[in-house]
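First comes the structure, then the notes that go with it.
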Amino acid sequence: MQTDLTTSELHGWISNFEDNKTLPFVTTSALIKLDDLEKFITTIKAQKADSVRIYFLRLRSGETLKALALPAGKIPRGCKWHEASPKFTQATIAMVPAKNFTIEKDLTFAADDVIQNNKITTLTPGIPEKGTGLNPPSPTKKTSMVAPG
């Protein structure tokens, strides 16, 4: 789901991840629809991005990346976050536009996040107005890999 986050929201959730390295990492994957990815790329190209940075985030318990629609007043099963501790959720990702991409001699990469009016365009797993963040692996269905063709 594409959304604009304030720089303080994004950096707070990044800090929640980076400052809690001992918490369990139960997340095994993130799934984003190709249509959402294509729209994100179109949006960030207009912002003059030349690369994408992927941040790992943890939210505080009870926080969400976007307001949830609650069918029958209940959080959908796929939107329930695993609590990695009493304070923090499982990890998720946020893709953000970056520019001025460089590769150093030692093969380290660098770029500047694209910030406009203290907002950063982000792409995270989820469906706008329905679900947020990250679905942990389903306990009833294993990840399937399908060969093209």
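Between beta-carbons, use under 14 Å as the cut-off and find the net charge around F109, counting Lys and Arg +1, Asp and Glu -1. In short, -2.
Pairs exceeding a 23 Å alpha-carbon distance, out of K21/K45; K33/K105; K45/K119; K39/K87: K21/K45; K33/K105; K39/K87.
Net charge in the neighbourhood of P24 (other residues with Cβ under 14 Å of its Cβ; Lys, Arg +1, Asp, Glu -1) is +2. Put a dot 7 Å past the Cα of S85, heading toward its Cβ, do the same for K119, and the two dots end up 3.2 nm apart. Modelled this way, with points 7 Å down the Cα-to-C-beta line, the labels at S15 and T64 are 2.5 nm from one another. Modelled spin-label separation between D35 and A72, with each label point placed 7 Å from Cα along the Cα-to-Cβ direction: 2.6 nm.
Every number in this text was worked out from the coordinates using simple rules, so none of it is lab data. Note that the structure is a prediction, hence the values are computed from the model and not measured. Don't worry about glycine lacking a Cβ; one is built from the backbone with ideal geometry, like all the others, and counts go over all protein chains shown.
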